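The values are calculated or read from the model by the stated rules, or taken from the named source; none is laboratory data. Just so you know, these numbers come straight off a predicted model, no measurement behind them. For neighbour counting, all protein chains shown are included, and Cβ atoms are generated from backbone atoms with ideal geometry for every residue, glycine included. Heads up: the accessible areas ignore ligands, DNA and RNA and are worked out on the full protein's heavy atoms, side chains in. Shrake-Rupley method; radii C 1.70, N 1.55, O 1.52, S 1.80 Å.
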Amino acid sequence: NAGVTQTPKFRVLKTGQSMTLLCAQDMNHEYMYWYRQDPGMGLRLIHYSVGEGTTAKGEVPDGYNVSRLKKQNFLLGLESAAPSQTSVYFCASSTRTVYTEAFFGQGTRLTVV
Amino acid sequence: DAKTTQPTSMDCAEGRAANLPCNHSTISGNEYVYWYRQIHSQGPQYIIHGLKNNETNEMASLIITEDRKSSTLILPHATLRDTAVYYCIVPNYNNNDMRFGAGTRLTVKP
């Protein structure tokens, strides 16, 4: 049981490049989330999904797109990376927001130069 | 989400109880209080959650005031490994999202 797995763990992008971060969970969870964490700051919600085929915007959605084509996977895309998107990205999943706990991946450290 | 307010930082002596406060004065009747912690740069870890009654598990105790406007997370015997940022969260029941604030940085000292 791997829990929540994020791919890749580290990445360096040049400004303007695109990339996709993959989050995979094997717990059959309905809800999945993407957060970013800047140095010395708390986590900020980018996008989330309450089920396969559905996504919603969080606190800081600009510059990101997401897709949830399969229940177990939640993809975060950067179409044209900017230095301001340098951050650590965390994915999480839960059965529901309330009543249950969320499980987090170990993060993806992204640097945009 | 109901807004939460936590102290920026706290210190605690090793072996003593760590009491971390959280104010959530706008909480609604059906909203839960959750606590997570983040050790160094790892992914956050769930600790405990509650609605009205006090809760206890193997990691911590959660004390919620009768009016539900504040709560306290208690680590009964803090160890150096409990040094982390602790987040108090009140997810909005209808929005289905979960937002973290800045949290409290707890430093357990020898």
| field | In region B:31-56, residue least open to solvent (accessible area, probe 1.4 Å) [restricted to those that are within 28 Å of A:VAL4 (Cα to Cα) and polar (S, T, N, Q)] | value | B:GLN38
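One residue is enough: does region A:35-45 have a residue meeting the conditions more than 10 Å from chain B (Cβ to nearest Cβ), under 20 Å from B:ARG37 (Cα atoms), touching a residue at least 24 places away in the same chain (Cβ under 8 Å) and open to solvent by 10 Å² or more (accessible area, probe 1.4 Å)?
Step one: list which residues in region A:35-45 are more than 10 Å from chain B (Cβ to nearest Cβ), which gives A:36, A:38.
Filter once more, so that each one left must be under 20 Å from B:ARG37 (Cα atoms): A:36, A:38.
The next check asks that each one be touching a residue at least 24 places away in the same chain (Cβ under 8 Å); those that pass are A:36, A:38.
With the extra rule that they be open to solvent by 10 Å² or more (accessible area, probe 1.4 Å), the set shrinks to A:36, A:38.
So far as region A:35-45 goes, yes, one or more of its residues are more than 10 Å from chain B (Cβ to nearest Cβ), under 20 Å from B:ARG37 (Cα atoms), touching a residue at least 24 places away in the same chain (Cβ under 8 Å) and open to solvent by 10 Å² or more (accessible area, probe 1.4 Å).
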| said: Can you find, within region B:70-95, the residue that is modelled with the lowest pLDDT among those that are within 14 Å of chain A (Cβ to nearest Cβ) and crowded, with 20+ Cβ neighbours inside 10 Å? | reply: B:PRO91
| task | Please name all residue pairs, on different chains or six or more residues apart, with Cβ atoms under 6 Å, provided the first residue is in region A:1-12 and is in contact (Cβ under 8 Å) with a residue 24 or more places away in the chain and within 12 Å of chain B (Cβ to nearest Cβ) and the second residue is surrounded by 11 or more Cβ atoms within 10 Å (Cβ to Cβ) and in a loop (DSSP other than H, G, I, E, B). | result | A:VAL4/A:GLY105; A:GLN6/A:GLY105
| Does A:GLY3 satisfy being on the phi > 0 side of the Ramachandran plot, modelled with pLDDT of 95 or more and either within 14 Å of the chain's Cα centre (by Cα) or open to solvent by less than 80 Å² (accessible area, probe 1.4 Å) (or both)? | no
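Would you call A:MET27 more than 9 Å from chain B (Cβ to nearest Cβ), of a type in the set (A, V, I, L, M) and either under 21 Å from A:LYS14 (Cα atoms) or out of contact with any Lys or Arg (no Cβ under 7 Å at 6 or more places or on another chain) (or both)? Steps first, answer last, please.
On the way: more than 9 Å from chain B (Cβ to nearest Cβ): yes; of a type in the set (A, V, I, L, M): yes; either under 21 Å from A:LYS14 (Cα atoms) or out of contact with any Lys or Arg (no Cβ under 7 Å at 6 or more places or on another chain) (or both): yes.
When the stated conditions are applied, A:MET27 passes them.
Would you confirm whether any residue within region B:54-66 is touching a Gly at 6+ places or on another chain (Cβ under 6 Å) and away from chain A (no Cβ under 14 Å)? Quick ask: steps written out before the conclusion?
Step one: filter region B:54-66 for residues touching a Gly at 6+ places or on another chain (Cβ under 6 Å), giving B:62, B:64.
In the following step, the residues that additionally are away from chain A (no Cβ under 14 Å) were identified as B:64.
Yes, region B:54-66 contains at least one residue that is touching a Gly at 6+ places or on another chain (Cβ under 6 Å) and away from chain A (no Cβ under 14 Å).
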| message | For region B:96-110: of the residues being at pLDDT 95 or above and crowded, with 18+ Cβ neighbours inside 10 Å, which is farthest from the chain's Cα centre (by Cα)? | response | B:VAL108
| Any idea which residue in region A:61-113 is farthest from the other protein chains (Cβ to nearest Cβ), counting only those that are assigned to a loop (DSSP other than H, G, I, E, B), more than 22 Å from A:ALA2 (Cα to Cα) and in contact (Cβ under 8 Å) with a residue 60 or more places away in the chain? | A:SER80
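Restricting to region B:1-34, what's the tally of residues that are part of a strand (DSSP E or B) and either within 14 Å of the chain's Cα centre (by Cα) or at positive phi (or both)? Show your work before the answer.
The initial filter retains those residues of region B:1-34 that are part of a strand (DSSP E or B), namely B:5, B:9-13, B:18-23, B:33-34.
So of that shortlist, the ones also either within 14 Å of the chain's Cα centre (by Cα) or at positive phi (or both) come out as B:5, B:9-10, B:18-23, B:33-34.
Count: 11.
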| said: If B:ILE47 meets every condition in (1) free of Cβ contacts under 8 Å to residues at least 24 places away in the same chain; (2) within 13 Å of another protein chain (Cβ to nearest Cβ) apart from one, which number is that one? | reply: (1)
